[in-house]
Amino acid sequence: MTKRYTVTAALPYANGPLHIGHLAGAYLSSDIYVRYLRLMGKDVIYICGSDEHGAAITIRAKKDGVKPKEIVDRYNAQIKQTFEDLGVSFDIYHRTSEPIHHETAQEFFTNLLKKGEFTQKTNEQYYDESQNQFLADRYIKGTCPKCSYDAAYGDQCENCGSALSPTELINPVSTLSGNTPVLKETTHWYLSLDKHADWLGEWINTGQLDGKQHHDPKEWKNHVLGQCRSWVGDLQPRAMTRDLEWGVDVPQDIPGSEGKKLYVWLDAPIGYISATKQWALDNNKDWEPYWKDKDSKLVHFIGKDNIVFHCIIFPAILKAAGGYVLPDNVPANQFMNLEGDKISTSRNWAVWGHEYLEDCKDSIVNHVDVLRYVLIKNMPELKDSEFTWGNFQELNNTDLVGKFANFINRVLVLTNKYYEGVVPDFDASLSIAGSEEEGSTSSYQEELNRLHHRLEELGKLVEAYDFRGGLKALIEIASMGNQFLQFNEPWKLVKTDPETVKVVMNLALQIVGALSVVSQPFLPFISAKLRDLLNLSALENGDLEHLLDDLKAGKAVLPKGSSINKPEHLFTRIPDDVIQQQIDKLEASKVQKVSYEPLKDEITFDDFTKLDLRTGTILEAEKMPKAKKLLKLKVDLGFEQRTVVSGIAEFYKAEEVIGKQVVLLANLAPRKLRGVMSEGMILMAENAQGELVFVSPQDGFGNGFTVR
Ligand SMILES: [Zn+2]
């Protein structure tokens, strides 16, 4: 018997914003699952947080010229906000930079060392001489020996999912410098994965653990099992430490620990445990049952690139540490593509969560739940999938507007029209047309049973991690409702048989009431809005379980005599131009191939010294009338003030530039522009797209000084 659920979602690297591929991978799936479990009254904890170690962070920091801490602080805050705004309902969103995590990860390391799980080995590893750094993991790239993908990392090929070590890469290069690395000796701790091969093999293949059935491997996805099976046959010792400056220290009391950090894939999954500890501290609970009681069901939601770490390495660590439960399932998703191409952060080919949310505020793309709907509908559960804006529009207009919202709206409109918004009393012995087949006869009770059955079926799909199936079942309930109205035609019948119409409308209201509950895991914001329209209180844990019990007992969701509010549109049609804007934005965001201007003819130093460049501050700025590109500026040079007409209005608003420090070409002959005498020129840099930015001295540098 499952007493409690421990549900984790992959820790995102805090090195960039979230895109739709992340959301459709580990996050919406886990959120649906957890929201459903909560509605079924289960004891569940939902864990996530930022992974703030690893090469992805330090490489980004190096690129931006800042400290890793700055990168993780920035993106942790942004990612956390994006999740919240998209309704992803973690119980805790933690950070692996927190002291409680460092302590927990170090305890694991010390414990495993004491148990003899590590062997210390000295061998040659790739080293970048120009950067004085050993190259492991993402610091080194090369061709995958398994699939020939030419950008495989030192720890893993993201194309075929194989776990690699840097020495296996063909033609390795340093990702820090692009140089070919040299080999140099270093000493590390290796987890003896080979020692665990037997039980891991049995556990993966048969679901047996310590002579007992642990889980049913048939419930695992084929692509997950396939990857696992290809690894368990060939398990090698794996280094669990690195020569790095950023990460969790190897505990200082261990000889040889100096300069060594824990491998990020040792520390990151332990992050789930340290996050649970923090949650327990914050909520006055005990963390241990969630990780150590055999009646706790542990489920890891991840993308397919993390399968080896969650199905092989972390289970080996948990088992070796002793006393921990192992995952009951790891329902990894595959990847989502975008408009026919792989989502790529480096090529900026992505739909970003925070940008979508911005567009929602201006109601450009309608509603947060539309994105959730489209991503769930196309969730890459079993194979790679595709997001297109055309499909986004179509699903919104047909499914959400045409089926879901249409049914609800019809019921609310008719209830307000016929009964002034009061749920009608009715005679349950009257027969009505059945919802499933045209021309069939049914009864109120029979239709309630049908609703009950459909809700149960939906639940089974969610429990089996078939979230696309669950979503389909949700829309089918609305379609069934629409069909039910169509077959009964209350708008005609109301003139001849108002008593039967009461049965029909009461039942339709019960379906709408049920939708307000069962839509919540998928469309939480719309569910809340619908509950408001129905005058129902906010959902609480156990409400779906109660609803199922009530329906089974023939009890209504919305009692007769209760009143509902005036209808409001839950979703609205998205017109073509809005979709075109999104497509244009996507195309424009592609990093364009830069064409550089050719160099000008050589000049002498004397030529250069003829230019009198001075620092100045913009005191005033106003738009020039009838000139789209021009701003009229007053620039303070300290010893005098100049009027300058500058062609920057497409890139800067007048109020933005006031107070800016600039560099002015001060001895340029004055000339009249649109009737204003311009006394100098402000230096700007221009990129390949023709965008302009100021070339500015540091703020507060002062005015009137020369630039040379
Ligand atoms: Zn590969």
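Bear in mind these aren't lab numbers, they're just calculated from the coordinates by the rules spelled out. Here the structure is a predicted model, which means the values were calculated and not measured. Note that each Cβ is placed from the backbone with ideal geometry, even for glycine, and that neighbours are counted across all protein chains shown.
Once both labels are modelled 7 Å past Cα along the beta-carbon direction, what's the residue 354-residue 626 spacing in nm?
Taking the two extended label points, one gets 4.3 nm.
Going Cα to Cα from residue 653, which lysines come in below 24 Å? Please leave out same-chain ones fewer than 8 positions away.
Leaving aside lysines fewer than 8 places away in the same chain, those within reach of residue 653 are 361, 585, 623, 626, 628, 629, 632, 634, 672.
Quick check: Cα centre of the range 208-261 to Cα centre of the range 629-705, how many Å?
58
How big is the gap, in Å, between the Cα center of the range 269-285 and the Cα center of the range 535-565?
Answer, in whole Å: 34.
Could you please state, rounded to a whole Å, how far the C-alpha centre of the range 295-315 is from the C-alpha centre of the range 440-482?
31
Over the range 16-138, what is the relative contact order in percent, taking alpha-carbon pairs closer than 8 angstrom and at least six residues apart? Intermediate results must be reported in sequence, preceding the final value.
Details: 79 pairs, mean separation 33.3, N = 123.
The value is 27 percent.
Over all directions, how big on average is the projection of the convex hull of the alpha-carbon atoms in the range 390-552, in square nanometres?
9.8
Using a cut-off of 17 Å between alpha-carbon atoms, which aspartates and glutamates can reach residue 417, once sequence neighbours fewer than 8 places away in the same chain are excluded?
Straight-line reach from residue 417, under 17 Å: 425, 489, 497, 499, 568.
At 7 Å along the Cα-to-beta-carbon direction for both residue 610 and residue 284, put a label point, then send me their distance in nm to one decimal.
8.1
I'd like the FRET efficiency for residue 391 and residue 416, computed as 1/(1 + (r/R0)^6) with the beta carbon distance as r and R0 of 41 Å, rounded to 0.05.
After rounding, the FRET efficiency stands at 0.75.
From the phi angles alone, apply the Karplus equation (6.51, -1.76, 1.60; θ = phi - 60°) to the range 303-318 and give each ³J(HN,Hα) in whole Hz, x where the residue is Gly or Pro.
Each residue of the range 303-318 in turn: x, 5, 6, 10, 4, 4, 6, 8, 9, 10, 6, 5, x, 4, 5, 4 Hz.
What residues qualify as long-range amide H neighbours of residue 325, i.e. H under 5 Å apart, gap of 5 or more or another chain, H built at 1.01 Å from N?
Under 5 Å from the amide H of residue 325: 292.
Highest first, please rank the peptides 514-526, 567-579 by the mean number of other Cβ atoms sitting within 10 Å of their residues.
By packing density, highest mean first, the sequence is 514-526, 567-579.
When you count, for each residue, the other Cβ atoms within 10 Å and take the mean per peptide, how do 436-442, 338-344 rank with the highest first?
Numbers: 436-442: 11.6, 338-344: 14.3.
Order by mean packing, descending: 338-344, 436-442.
Skipping prolines and chain starts, which residues have an amide H placed within reach, meaning under 5 Å, of the one on residue 241, given they are 5 or more residues away or on another chain?
So residue 241 has HN proximity to 189, 263.
I need the calculated FRET efficiency for the pair residue 4 and residue 253, taking r as the beta carbon distance and R₀ as 35 Å, to the nearest 0.05. Before the final figure, lay out each step's value.
Numbers: r = 35 Å, r/R0 = 1.01.
So, using R0 = 35 Å, E works out to roughly 0.50.
Residue by residue through the range 86-98, which ³J(HN,Hα) values in whole Hz follow from phi under the Karplus form 6.51 cos²θ - 1.76 cosθ + 1.60 (θ = phi - 60°), with glycine and proline marked x?
8, x, 6, 9, 4, 6, 8, 10, 9, 9, 6, 8, 5
Roughly what % of DSSP beta bridges within the chain run antiparallel, to the nearest 5?
75
Express the Stokes-Einstein translational diffusion coefficient of the range 573-708 in µm² s⁻¹, to the nearest whole number, given a Kirkwood radius over alpha-carbon pairs, 4 °C and a viscosity of 1.567 mPa s.
This corresponds to a translational diffusion coefficient of 75 µm²/s.
Suppose the chain between residue 199 and residue 569 were pulled fully straight at 0.36 nm per residue; how much longer would it get relative to their current alpha carbon spacing? If you can, show how the numbers build up before the last one.
Numbers: separation 370, 0.36 × 370 = 133.20 nm, distance 5.58 nm.
Value of the extension gain: 127.6 nm.
Please compute the length gained on full extension between residue 600 and residue 121, using 0.36 nm multiplied by the number of residues separating them and subtracting their Cα-Cα distance.
The span from residue 600 to residue 121 would gain 166.7 nm if fully extended.
With the convex hull built on the Cα atoms of the range 488-546, state its orientation-averaged projected area in nm².
Working: hull surface 19.6 nm².
Projected over every direction and averaged, the Cα hull of the range 488-546 covers 4.9 nm².
Return a whole-number percent for the relative contact order of the chain, with Cα pairs under 8 Å and 6 or more residues apart as the contact set.
Working: 1282 pairs, mean separation 86.8, N = 708.
Computed value for the chain: 12 percent relative contact order.
From the Cα gyration tensor of the range 572-652, with a ≥ b ≥ c the square roots of its eigenvalues, which class applies: rounded if a/c is under 1.5, or else prolate if a/b is larger than b/c, or else oblate?
Oblate, since a/c reaches 1.5 and b/c is not below a/b.
Can you tell me what percent of all Cα-Cα pairs in the chain are more than 32 Å apart?
So the pairs more than 32 Å apart make up 62 percent of the total in the chain.
Each residue of the range 694-708 in order: what ³J(HN,Hα) in whole Hz does its phi give by Karplus 6.51 cos²θ - 1.76 cosθ + 1.60, θ = phi - 60°, with x for Gly and Pro?
5, 9, 10, x, 4, 3, x, 5, x, 10, x, 7, 7, 10, 8
Would you pull out the residues with amide H under 5 Å of residue 50's amide H, same chain only if 5 or more places away, H placed 1.01 Å from N?
94, 95, 96
Dipole of the chain (Lys/Arg Cβ +1, Asp/Glu Cβ -1, origin at the Cα centre): which of 559, 254, 203 lies farthest to the positive side?
With unit charges placed on the Cβ atoms, the residue in question is 559.
Pop out the Kirkwood hydrodynamic radius of the range 202-341 from its pairwise C-alpha distances, inverse of mean 1/r, in Å to one decimal.
For the range 202-341, inverting the mean 1/r across all distinct Cα pairs yields 17.0 Å.
Trypsin sites (Lys or Arg not before Pro), restricted to the range 380-412: which are DSSP loop and have at most 10 other Cβ atoms within 10 Å?
Here the sparse-neighbourhood loop sites are 383.
In the range 174-210, whose amide N lies under 20 Å from the spot 7 Å out along Cα-to-Cβ of residue 62? List them in ranges.
174-187
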